[in-house]
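One structure is given here, and the rest of the page talks about it.
Nothing in this text is a laboratory measurement; each read-out follows from the coordinates by a stated rule. Keep in mind it's a predicted model, so treat the numbers as computed, not measured. Backbone-built Cβ (ideal geometry, glycine too); neighbour counts: all protein chains shown.
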Amino acid sequence: MRLTVNGQSHDVEFDVRTSLLDLLRETIGLTGTKKGCDHGQCGACTILVNGRRINSCLTLAAMHEGDEITTIEGLGSPDGLSPMQEAFFEHDGYQCGFCTPGQIVSATAMLEEAGKGWPSHVSASLEGEMRLTPEEISERMSGNLCRCSAYPNINDAIAEVAGGKS
Amino acid sequence: MREFQFARAADPAGACSAAAGAGRFIAGGTNLLDLMKLEIERPEKLVDISRLPLDEVEETPEGGLRIGALVPNADLAAHAAVRMRYPVLSRALLAGASGQLRNKASTGGNLLQRTRCYYFYDTAMPCNKRDPGSGCGAIGGFNRIHAILGASDKCIATHPSDMAVAMRALDAQVETLKGDGSTRSIAISELYRLPGDTPEIENVLEQGELITHVVLPPPPPGRHAYRKVRDRASYAFALVSVAAIVAVEDGRITSARLAFGGLAHMPWRDPAVEDLLVGQAPGEEAFRRAADKLLENARGYGGNDFKIPLARRTLMATLHDIAGGRA
Ligand SMILES: Cc1cc2nc3c(=O)[nH]c(=O)nc-3n(C[C@H](O)[C@H](O)[C@H](O)COP(=O)(O)OP(=O)(O)OC[C@H]3O[C@@H](n4cnc5c(N)ncnc54)[C@H](O)[C@@H]3O)c2cc1C
Ligand code: SF4
Ligand code: FES
Ligand code: FES
């Protein structure tokens, strides 16, 4: 089967039970995406499929033939960091770093969602203008847990990129 | 995970024929794969329906909406017509799961996610739903999240969907396609089953019957609200939730639709509660009688006793918010 990951196509063979997460890590060797819970509860495995953030642990690799997959490695590289990666650096948006790739991928896509005007659970109005307040950022990022509880700095990093965008 | 055959369906009819016998549909996979990893679900064959062309939201001639079964929860919540005309549905969707999960979870899969509890997940414990006849770990066990209405001595689990609660209040119709090519339209009030003696059977769909669409009738009059009470502020299942649509004219309630999550094996709705409200002036007195009616036959199992007063307060607070009448 052919999969496109970070713009590169890969011909891969695998057991049909393989999650997209395991395929990325074990078969393709992209270990930036982390496995925390393996049950959709922590967000460490967040990747983009056709630009949308999803939990790669809760989907089968076999369901993604032809999809455009982006992992943390595809967002930027050590000598060409993405704005979100840069902001996490600057604001110390991590302690152990395990949740960080998932946080960064998730936050990148979250800003796209907000840019499209998608409301959230804490938005006062479903139709009106929405500002990415700290409360909005926390709610929209609630699918990414951080065991080290680096939340204040994570939130600051995201707010900086969000502010730069608007 | 057990081994299974895998097939990708090209069209709805192909999906039904591929599922004939023992096939299971997989859409977003967020509930099915979660359970397959634990071997609680052990399908022999998976039929991938995620690419079927059932991902549109269309206007119906009657002024309602026809939602494809594969419309993701995130897209449905953000859809302009849903936000404007069915805010209770947007709000319910946004109160569920996380951004990542809502991007994957489908309309059909959300409706048919398993009614479940933590003993259902714990394969070392008895559970009549997972293993019929083995007993119920929750009755006499730790049952904080469990049902207070419509439960049986076989199972006291609750249906976890937020979306389905809003759809119940909106009188949605579920359209399906069967393997023989026939279609039917099932009122959401008829879709789910109470646990009774067979908690392993959760809905009236037949093997290989595919949900193709969910149809919403024109939006009912009144103000909409979805209120969800849970153990943390986000990304948690409801302990109690209420979807409410209430209209008030000249100081009287003219229509009321109330559906509840977290209380029963299915999204709960009781017409007698709504009838009690219609014609009344909004206020403490009328709301209290409605709550009394709702909870007339409520029963706690120890750990979830608190849900009885919580359901009362959640209902009354929501009614005050949208119908007024606060002293
Ligand atoms: C960590 C976590 C937190 C969550 N929190 C919430 C929450 O707060 N609120 C909430 O409401 N939900 C919550 N969920 C549940 C989530 O909403 C469901 O898992 C999701 O909606 C299921 O949709 P799916 O498309 O992924 O279904 P799948 O997993 O693909 O399918 C679920 C079931 O439906 C069947 N099915 C799917 N589509 C069809 C169809 N078209 N026709 C017939 N059968 C079909 C499948 O065979 C399967 O039995 C949570 C899930 C997780 C993992
Ligand atoms: S409440 Fe239902 S799902 Fe939970 S242990 Fe009892 S039988 Fe199983
Ligand atoms: S590893 Fe996927 S959400 Fe935790
Ligand atoms: S930095 Fe350690 S889990 Fe988030």
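Please report, in whole Å, how far the alpha carbons of the stretch B:5-50 spread along each principal axis, starting with the longest.
Ordered largest first, the stretch B:5-50 gives principal extents of 30, 20, 12 Å.
In the Gaussian network model of chain A, springs joining C-alpha atoms below 10 Å, which of A:ARG53, A:ARG25, A:ARG140 carries the largest mean-square fluctuation?
A:ARG25
Just name one of B:GLN113, A:CYS146, B:ALA124: the one whose Cα is farthest towards the positive end of the charge dipole of the protein assembly as shown (beta-carbon charges, Lys/Arg +1, Asp/Glu -1).
It is B:ALA124, whose Cα lies furthest towards the positive end.
For the protein assembly as shown, what log10 I(q)/I(0) values come out of the Debye formula at q = 0.06 1/Å, with one point per alpha carbon and no solvent?
Ignoring solvent entirely, the Cα scatterers give -0.27.
Using only the C-alpha atoms of the stretch A:83-162, find the volume of their convex hull and express it per residue in Å³.
Working: hull volume 6.1 nm³, N = 80.
So the per-residue hull volume is 76 Å³.
Which percent of Cα-Cα pairs in the stretch A:2-75 sits in each 5 Å bin, short to long?
Values per bin, smallest distances first: 3, 18, 33, 29, 13, 3.
Find, among the GluC sites (Glu not before Pro) in the stretch A:74-166, those assigned to loop by DSSP (not H, G, I, E, B) with at most 11 other beta-carbon atoms within 10 angstrom.
On the way: sites: A:GLU86, A:GLU90, A:GLU112, A:GLU113, A:GLU127, A:GLU129, A:GLU135, A:GLU136, A:GLU139, A:GLU160; in loops: A:GLU127, A:GLU129.
Qualifying residues, ordered by number: A:GLU129.
Express in whole angstrom the spacing between the alpha-carbon centres of the stretch B:179-197 and the stretch A:1-39.
Here the answer is 37 Å between Cα centres.
Once Rh is set to the Kirkwood radius over Cα pairs, what Stokes-Einstein translational diffusion coefficient, in µm²/s, holds for the stretch B:287-327 at a temperature of 20 °C and a viscosity of 1.002 mPa s?
On the way: Rh = 10.8 Å.
Estimated via Stokes-Einstein, D reaches 198 µm²/s.
Using only the alpha-carbon atoms of chain B, report the extent along each of the three principal axes, biggest first, to the nearest angstrom.
62, 51, 33
With a 10 Å Cβ neighbour count serving as the proxy for reagent exposure, in which order, fewest first, do B:MET167, B:MET316 appear?
On the way: B:MET167 28, B:MET316 17.
By the 10 Å Cβ count, ascending, the order reads B:MET316, B:MET167.
May I ask for the angle, rounded to the nearest 10°, between helix A:100-115 and the longest principal axis of chain A, with both axes built from Cα atoms and the value confined to 0 to 90°?
Rounded to the nearest ten degrees, it is 60.
In degrees, nearest 10, range 0 to 90: what is the angle between the Cα axis of helix A:151-165 and the longest Cα principal axis of chain A?
80
Using helices alone, what [θ] at 222 nm do you get for the protein assembly as shown, with -39,500 (n - 2.57) per DSSP H run of 4 or more residues, divided over all residues and rounded to the nearest 500?
It comes out at -8000 deg cm²/dmol, rounded to the nearest 500.
Rg(Cα) of the stretch A:1-143 divided by 2.2 N^0.38 Å?
Details: Rg = 15.7 Å, N = 143, 2.2 N^0.38 = 14.5 Å.
Normalised by 2.2 N^0.38 Å, the Cα Rg of the stretch A:1-143 equals 1.09.
With +1 on each Lys and Arg Cβ and -1 on each Asp and Glu Cβ, how big is the dipole of the stretch B:1-132 about its Cα centre, in debye rounded to the nearest 20?
Details: 17 positive and 15 negative charges, 67 e Å.
That gives a dipole near 320 debye.
How big is the charge dipole of the protein assembly as shown about its Cα centre, in debye rounded to the nearest 20, if each Lys and Arg gets +1 on its Cβ and each Asp and Glu gets -1 on its Cβ?
My answer is approximately 1160 debye.
I'd like to know which of A:SER123, A:ILE69, A:THR133 lies farthest towards the positive end of the charge dipole of chain A, counting +1 on Cβ of Lys and Arg and -1 on Cβ of Asp and Glu.
Comparing the listed Cα positions along the dipole, A:SER123 ranks first.
Can you give me the convex hull volume of the Cα atoms of the stretch B:204-327, divided per residue and expressed in Å³? Write out the running numbers ahead of the final one.
Working: hull volume 18.5 nm³, N = 124.
Per-residue hull volume (Cα only) is 149 Å³.
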